[in-house]
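Working notes for the structure below.
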Amino acid sequence: FDDEDLLFIIARPGEVFDILQAGGWSPLVSDSYQWLEVDLERRTQITAVATQGRYGSSDWLTAYLLMFSDTGHNWRQHRQEDSLGAFPGNSNADTVVQYKLDQPVIARYLRLIPLDWNPTGRIGLRLEIYGCRYTSDVANSDGSSSLVFRLSIRPSRTATETIALKFKTMKNSGTLLHAEGQRDHSLSLVLEKGRLLLYHQQDVSSSSGGRLLVSLGSLLDDQHWHHVKLERHSAHLNLTVDRAARQVHTPAELSHWEIRQVKSHGLQKPILSNRNFHGCLENLLYNDLNLINLAEQNNHQGNVTFSCAEPVSVAVTFTDPRSFLQLSGLTSWSSEVVAVALQFRTWNRAGLLLTFDLPRPESTVRLYLSEARLRLQIDRAGRATLELSAGTSHPASLCFFFSPPNGKVSHYAENIERVLTSDVAHVPLPLTSGRGCTNPFHTFQGCMRLLTLDDRTVDLMKVQQRLLGNYSHLQMDICGIIDRCSPSHCEHGGRCSQSWSNFHCNCSTSGYRGATCHSSTYEQSCEAYKHKGNTSGHYYIDVDGSGPIRPRLIYCNMTEDRAWMVIQHNNTEVTRVHPSPEQHQHSAHFHYAPEEAQLAAIISQSEHCEQELSYRCRKSRLLNTPEGAPFSWWVGGPGAGQVQTYWAGAEPASRQCACGLQDNCLDPNHYCNCDADYDQWANDSGLLTHKESLPVRSLVLGDIQRPGSEAAYRVGPLRCHGDKNFWNAAFFDKETSYLHFPTFNGELNADISFLFKTTSSSGVFLENLGIKDFIRIELSSSSAVVFSLDVGNGPLEVRVESSVPLNDSRWHSVRAERNVKEASLRVDQLPAATQEAPAEGHVHLRLNSQLFIGGTASRQKGFLGCIRSLQLNGVTLDLEERAKITPGVRPGCPGHCGSYGALCRNQGRCVERTSAFSCDCAQSAYTGAFCHEEVAASFKSTMSVAYILRPPHELSSNGSVPPPSVHSDTSPRGENVSLSFRTLQSPALLLYADSLDREYLALLINRHGETHKYFDRVQMSSYLIYPAVTFLQLPPPLTPLLPSPWNQCVSLFFILQNPLKAALLHPDGDVVVVTGPLVQSSCGSSSPAKTHTAETTHSLSDQPGSADPGQPLVNAIRSDSALIGGNAKHLSRNRNSLSIVASKRGEM
């Protein structure tokens, strides 16, 4: 506006000032109830406001609110970032402070409300408004009219079809728009309980409401303009309501659908109810056609006017617990008849709406909300309480309840009007009275409008002018309710609920956690699960952490040196293909459980992937090498995949099989065994290992129609191991060194996770700066990690203190998260520390500098040590690549056994690897990823295992020399034998050991199920033999106790030898003699399958050093003695232990 524009300015009624003479606006009283109103005389597009203090004074505003309106009533507060309502003002009387609105506002009236001002002065203001003229086409409907536009001339077809409009209404339901096309398909925009719903209807004449595609928005019946935009693309539909947007897939029926007719306002058969739209539409556009403008040319039905009727409705907002409105009672109330009506809106489940006293009889009436139900209570002096309530019978009281008409307090309730007399409440419901009813009277926070007493409307404008009643802490002529769940800040399907001042996300079924369901509950790979000590099994894998890809259940196969992700598809079995003259080709398609994005991410982040592709053939050629067109091919790779004409084991594009690459095919003239076309079975099999061609999506076999042709194929599951993200690390060896990356973009949600190890007591892990905002994570001391940030509300710090030092050169995990509700920090498994964000404050984190890792821009407080697996919002930063070109930083970081070595159990040895570690189980009787799986076998009566503790050639050369593996100077002075067993046999021989001198040791179960040890004076045996009833020559004292042929399951560890493991895993060695078909079994670690068999599981094992301290082994050793330490125990259905310790000489 220039200086000649006339701005009609209104202060509080009765306080109008000449701004030019007074040097600005300043009310007589400086308090929070003052306001300045500007009438722009027409609806205007406002883009900015500027404020300045009163000229030549100490009067200026430091903070204020902005309100906008089309009518001078029903004001709407303008908010920054959908949260912050206050605008910063001035710091002196002369400087101009301009604020550009993030989105232009269309309004005729502007109201500025002072919040705070110079404490040494008064409220003072000079105001300038920036904008331009606004024009539009408007139509008004009374609920029985409609606009119809038929596309007689089809507009040029574009890739995107768009319908856009604005609407305003006070009715919460009605059909807003209906678009019809060919084949009786239609799309409808329906307002229902203040939300906008998009429906797809297949049969326009059908009474069915159609299929709901998407629901968006809320509180849209507030008599303010709301912008709606519907875009139809070939694959999806976009619906935008104000600033919220949702995308849904286009139904297949609408992929080539064309709109032929658009109808607005009303339908003969509304989608959801008998209510048509009642309100105003503005700028209804279909692509580039203005339908309201065209409708003025006689394309409308019913009472349509092309201007917007503006019903005046004055609302009042109760903003906090101190808010109240007090009105005088009416003289008619003495006649014992009271009529009160109102409409209200709130998010709170409880609150006192109104209360008043009746003179005859003396009583108090209260209307309140409790547990989201509307209740009416009458207390009469000396008499029982009478209550009416909306709902069903409450189980905790004697009161009768009923539901309000619309069932939700988040929308304006229907008028509540009840006539009360001294004896009875005249309502069409049964009444019950009782003393057990409770009255939880919380303060009401919400909006009220259309308040009437005895059919007389209360003039709230007089209340605002202090001419009627009394009030405090109210917002007049505005409903200040905010929907904090639309759009929802709850991510990943978290359910949003809210109160007047806050919102809450329920993440219980989402698979995510945190205040906004941002961070994933699950790990990103099997590798990560393995390094938490998890063994093989099914786990939920979330490949992108807090990203959009949903977690899926995947099998993790943890081996000693790998953690394999095994991804199944719909057919991993061997499939036989029989010849068929009618079928020239056989096609197979493979569908994988993970979605496409997850599948691609797994392959990308894995170090290695492979998939078996096998083809067995008889007179069925494969690739038709070397020159012919291939009979068969497969499709693999990302997305739809690419046709591949090479076979497993060969190189891409080579048109070969594995035998062709190795030059050992059945026929040297061909590159595949099957291409030889022999009338005998041949095989072309192998592994596909090129990640760019995985996974296999389909397979086509061509040479199967000839007589005598036979084939079988198998496509195995996709298997991947290694996690490049998990081991991506950098070592910082100078305090002045750092890595830098592009600016971190985490305006509303930011999660940062990494692992570190160091010997330094302090250092900055990460820092990113903005003009005022910043984010930083640092090791502030040897036992404290600090997460600090500022989003414009002042610095915020979250600290976690550890009871043990963190600079111990072991890996420690850090996870920091910041969202609109809070900032949190977790270190290792310590309890997370949190700091709540202000309820009304800035929410956007605005950064503009580079992201610094391991240091700061000032090159101070740099970090010394290793940082690994650094992820920001689920995206891994490639520290290793950046470290390769950065002085003072080295890629990678060895030394993992110090942190993960404890995962290797049962004498397994941790082995360092470049990326990761592994457990060497060679010296353990166990196997598996962590040497945790027992090696067991099931024995029959004719089976035995003999284990030679000393090689036979040494025995033959000098039979009198004890085996060095047992009796050398380096061997322990005591020997430990541990075993687990399960059997139904009693008595039974578990273990027998003899010496060259035919001295022996035996372990048996007697007839009563007790474990007995039988021994003579022994030097430890050259042979360990078990269980071998028919194999052993036992002395007479043992003969009566030996069982008949029996069955039992045994696993064993003896000294540093692993007899059973050697027999099962290395049966070809020269120290093991196996009699009978010995096979590995899981019986050693399994629980009884059926309780009625009375099968009992026992364990006989003790760790070295667990012997009775009253029998010291060192002093008991003699060359001709044996010592048995520990007690035999029999515990039903338990796995206990027995130690058998033998020395050169000793007695029990």
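The values are calculated or read from the model by the stated rules, or taken from the named source; none is laboratory data. Note that the coordinates shown come from a computational prediction; the quantities given were computed from them, not determined experimentally. Every residue, glycine among them, receives a Cβ derived from its backbone with ideal geometry; neighbour counts consider all protein chains shown. Just the protein is used for accessible areas: all its heavy atoms, side chains included, with ligands, DNA and RNA removed. Shrake-Rupley method; radii C 1.70, N 1.55, O 1.52, S 1.80 Å.
Hey, which of these cross-link pairs are over 27 Å Cα-Cα: Lys772/Lys884; Lys532/Lys724; Lys166/Lys263; Lys229/Lys263? All intermediate terms of the calculation are to be shown ahead of the outcome.
On the way: Lys772/Lys884 32 Å; Lys532/Lys724 17 Å; Lys166/Lys263 15 Å; Lys229/Lys263 16 Å.
Lys772/Lys884, as the Cα separations exceed 27 Å there.
Fully extended, how many nm does the chain gain between Thr575 and Asn92 (0.36 nm per residue separation, minus their Cα-Cα distance)?
In short, 165.5 nm is gained.
Can you order the peptides 242-249, 977-984 by their average number of other Cβ atoms within 10 Å per residue, highest first?
977-984, 242-249
For Ala922 paired with Ser802, estimate the spin-label separation in nm (one decimal), with each label point 7 Å from Cα along the Cα-to-Cβ line.
3.4 nm
Would you mind checking the stretch 573-597 for residues with the amide N under 20 Å from a putative spin-label position 7 Å along Cα→C-beta of Asp679?
Those under the cut-off are 578-581.
With every protein chain left in place, what is the accessible area of Ser632 in Å² (1.4 Å probe, nearest 10)?
0 Å²
Mind running the shape call on the stretch 740-898? Use the C-alpha gyration tensor, a ≥ b ≥ c as the square roots of the eigenvalues: rounded below 1.5 for a/c, prolate if a/b tops b/c, oblate otherwise.
It is oblate, given that a/c is not under 1.5 and a/b is not larger than b/c.
Would you please give the FRET efficiency between Ala50 and Asp102, computed as 1/(1 + (r/R0)^6) with r the Cβ-Cβ distance and R0 = 22 Å, to the nearest 0.05?
So the FRET efficiency works out to roughly 0.85.
Please state the shape class of the stretch 500-596: rounded when a/c is under 1.5, otherwise prolate if a/b exceeds b/c and oblate if not, all from the C-alpha gyration tensor.
oblate
Can you compute the FRET efficiency between Ser32 and Ser136 using 1/(1 + (r/R0)^6), with r the Cβ-Cβ distance and R0 = 41 Å? Round to the nearest 0.05.
For R0 = 41 Å, the calculated efficiency reads 0.70.
Between Arg859 and Asp561, what is the label-to-label distance in nm when each label sits 7 Å out along the Cα-to-Cβ direction?
Label-label distance for Arg859 and Asp561, simple model: 4.4 nm.
Is the shape of the stretch 63-111 rounded, prolate or oblate, going by the alpha carbon gyration tensor and its root eigenvalues a ≥ b ≥ c, with a/c under 1.5 for rounded and a/b larger than b/c for prolate?
In terms of gyration-tensor shape, prolate.
Please give the contour-minus-distance gain from Arg495 to Leu450: 0.36 nm per residue of separation, less the Cα-Cα distance, rounded to one decimal in nm.
Answer, rounded to one decimal: 12.9 nm.
Please sort 58-67, 554-563, 514-523 by packing, taking for each peptide the average over its residues of neighbouring beta carbons within 10 angstrom, highest first.
Ranking, from highest mean packing down: 514-523, 58-67, 554-563.
Tell me the accessible surface of Trp811 in square angstrom (1.4 angstrom probe, heavy atoms of protein chains only), to the nearest ten.
Accessible area, nearest 10 Å²: 20 Å².
Could you give each residue of the stretch 719-726 its phi-based ³J(HN,Hα) in whole Hz, using Karplus coefficients 6.51, -1.76, 1.60 with θ = phi - 60°, and x for Gly or Pro?
3J(HN,Hα) across the stretch 719-726, in whole Hz: 10, 9, 9, x, 10, 4, 6, 5.
So if R0 is 25 Å, what FRET efficiency would Thr942 and Asn1006 give, r being the distance between their Cβ atoms, rounded to the nearest 0.05?
0.60
Taking the Cα of Thr62, stepping 7 Å toward and past its beta carbon, and measuring to each backbone N in the stretch 93-130: which are under 14 Å?
It comes to 93, 115-124, nothing else.
Going by Cα centres, the stretch 663-681 and the stretch 503-539 are how many Å apart?
50 Å
How far apart, in nm, are two points set 7 Å out from the Cα along the Cα-to-Cβ line at Thr1075 and at Leu285?
Output for this residue pair reads 9.5 nm.
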